[in-house]
Structure formats: C-alpha cells, structure tokens
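A.B. asks: Following this message is one structure expressed as structure tokens.
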Amino acid sequence: MPVATATEQALEIKPLHPLFGAEIIGLDLREPLDDETFAKVRDAFNNYSVLLFRRQDITDDQHVAFSRRFGELEETGFAIAAPNPYIYRLANVDDQGNVLAMDAVKRTFLEVNARWHTDSSFRAIPAMASILSGKEVPEGEGETCFASMRVAYKAMPEGRKKSLEGMRAIHSYAYSVSLFGEVGVTQEEKDAVPPVEHPMVRTHAPTGEKSLYVSGHIESIVGMPVEEGRLLAKELIDWCTRPEYVYTHRWQRHDLVMWDNRCVLHRATSVPSKQKRIMHRTTIAGEGPVV
Ligand code: OGA
Ligand code: MN
C-alpha cells in the first residue's frame, strides 16, 4: 500500500454562499502542494471565484511561494510596501504597532478599499487574483465583502447584456485616490499607472463564461459624458452587489482568502478605529489584456 507523504493532502470543498465561494478544508499551505492537489485547488478557484483556507499561520515567504503556483506576482510598488516586495501590507497600525490616529494619512490607503473594486483594474494588465492573510483581525468589524460579476452578468436580461456589448470604461488609480483627498500618493506614483481602458464585459478564460467587469476605479465610460458614465458604472456595481448576491467574510486570525479579480468585486466594510487589523496580500498578475 502506498504510504501517504506530507505533500499528499486530502481536500474537502464546502460552499460559503449559494452563488459562489467555497472553503477548502484539509490543507496546510505552509507545505508545497503536490501537483494533483494544486490542480484541485486551481479548479475550485476557477469555479467558485472566492476560496477560504482557515488556520493558515504562514510566513510571507510561504504565502509568496503558494501564490507563485498560480502565476507571476505583481510587485507592491506603492508606499504601503512591506519588506517583502511581493507583500502588500494593509495595516491600521504605525511602525511601533499602535493603532493609527483617525486623521493619519496612512488610513487613506485603507479607506480606498471601502469602495467596491477589483484589484489593479487601473493597470493595463489587471490582476488575476489576490490572496489575503489575516495576521491580526478585529472582532465585530473589519469584514470583507465579495460579489461575483459572473453571477451578476448571467442574471441580466438579454437586452441589457446586448446594450453593454463593446462598451469600454476608463479605470484610473489617480481618480480613485482623489476621492479620498489626494493625501499620501505622489505624482510619480500616479504617473506610473496612467488611466487605462477595459471592456465592461469580459470573458473569464478558464470557464469561457462572460462576466461584467466594473470597478470603483472607473473614472468614466468611453463615448459618454463623464457624469452619465459614472452613473452607469454605479448602477452596474449596484446590480452586482445586491445584498443577496454578497458574501461577507468575517475574519478569524490566520484565515487566508483568495479571490478572482477577473470576475469578483470586493470591499472592506470599515477600518477599525481602536482594534488592530493587519493583513498581508499577494497579487497574482493577469496573463494579458482584458478580452
Ligand atoms: C485588498 C482589499 C479589503 C479588506 O486587500 O485588496 O481590498 O477588507 N482588502 O482589507
Ligand atoms: Mn482590493
């Protein structure tokens, strides 16, 4: 009889919400997964769009190694960097570990995440996935909400789908941060990511299914007056995020949550004023322009 090695791990899939999302039970992500197990995780990710792995007390290096299995990683770049260039650190604490004052400039970076968005939609090649690790999590606040734009697209009337065909939106990092008073972001950082155009409906490559592709980073819609375009973007985001379509994740310490930026919107519910919230994220780069 073959002896089970440390890398052969049995896995169980438990849905998180009736429409999308699943918890993957039985894996220790500090260890490299064997190819067969990894393929199951990747398939679950492509089908469920949001995956939760509980009790993963991993180091940044282990987090990066697991993320790398899915593809190339984005480097952090922005001022919020952690020592590891692939780790984006979202923390409401200062360098001494004290919770930030309510007027601290650093809070801006966290508050931007309170609008529904998909990560790096302001890049010419937007992120494929993000993997977020809860290092210190508050109780009763600081949840993360998710909504599937693939589910939302499928539920749209055919006429509405047709009207969106070929439409393109302009996504802009500078616009997004401008909504929070500009503070803390340099001109150089903004210039590094000039506004980009993406289709508003995209094909989710692994499943071949169509998905809406809208985000809080949308500044305007090509061929529409600015205000009208913003209203349309808002209306579509509202459609995707009707309460019964949203999975709200209440964090436990050492949860690892992974989402598909090609077809999932997410937002932070709040930045705690007193409790610590420290999260580390890796970002898996997209494979090419949005189609
Ligand atoms: C992110 C993000 C939301 C949160 O990590 O990309 O938007 O709840 N996070 O921290
Ligand atoms: Mn985000």
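A.B. asks: Can you give the calculated 222 nm mean residue ellipticity of the chain, where each DSSP H run of n ≥ 4 adds -39,500 (n - 2.57) and the sum is split over every residue, rounded to the nearest 500 deg cm²/dmol?
C.D. replies: -6500 deg cm²/dmol
A.B. asks: Classify the stretch 50-152 as rounded, prolate or oblate, taking a ≥ b ≥ c as the square roots of the eigenvalues of its Cα gyration tensor: rounded when a/c is under 1.5, otherwise prolate if a/b is larger than b/c and oblate if not.
C.D. replies: rounded
A.B. asks: For D34 and E136, compute 0.36 nm times the residue count separating them, minus their Cα-Cα distance, and round to one decimal in nm.
C.D. replies: Going from the current span to full extension adds 33.8 nm.
A.B. asks: Next question, about the same structure. Please list 193-205, 31-43 highest first by mean number of surrounding beta-carbon atoms within 10 Å per residue.
C.D. replies: The most tightly packed comes first, giving 193-205, 31-43.
A.B. asks: Then there's this: Which whole-number percentage describes the relative contact order of the chain, with Cα contacts under 8 Å and a sequence gap of 6 or more?
C.D. replies: 32 percent
A.B. asks: With every protein chain kept in place and ligands, DNA and RNA left out, what is the accessible area per residue of the chain? Probe 1.4 Å, answer in Å².
C.D. replies: Roughly 46 Å² per residue, with all protein chains present.
A.B. asks: Tell me, what is the percent relative contact order of the stretch 204-291, built from C-alpha pairs under 8 Å that lie six or more residues apart?
C.D. replies: 25 percent
A.B. asks: Going by a ≥ b ≥ c, the root eigenvalues of the Cα gyration tensor, does the stretch 127-247 fall in the rounded group (a/c under 1.5), the prolate group (a/b larger than b/c) or the oblate group?
C.D. replies: oblate
A.B. asks: Assigning unit charges at the beta carbon (Lys, Arg +1; Asp, Glu -1) and nothing else, what dipole magnitude in debye, to the nearest 20, does the stretch 12-284 show about its Cα centre?
C.D. replies: With only Lys, Arg, Asp and Glu charged at Cβ, the dipole is about 620 debye.
A.B. asks: Stick to Cα atoms and the Kirkwood definition of Rh, then tell me Rg/Rh for the chain.
C.D. replies: Rg/Rh: 0.96.
A.B. asks: With both bridge residues required to lie in the chain, what share of the DSSP beta bridges run antiparallel, to the nearest 5%?
C.D. replies: Roughly 95 percent of the beta bridges in the chain run antiparallel, per DSSP.
A.B. asks: Now a separate question. Quick one: pull the percent of accessible area on the chain belonging to carbon and sulfur, 1.4 Å probe, ligands and nucleic acids left out.
C.D. replies: C and S atoms contribute 52 percent here.
The values are calculated or read from the model by the stated rules, or taken from the named source; none is laboratory data. Since the structure is predicted, the reported quantities are computational estimates derived from the model, not experimental observations. Ideal geometry is used to build each Cβ from the backbone, glycine not excepted, and the neighbour counts take in all protein chains shown. These area figures cover heavy atoms from the full protein model, side chains too; ligands, DNA and RNA do not enter into them. Shrake-Rupley method; radii C 1.70, N 1.55, O 1.52, S 1.80 Å.
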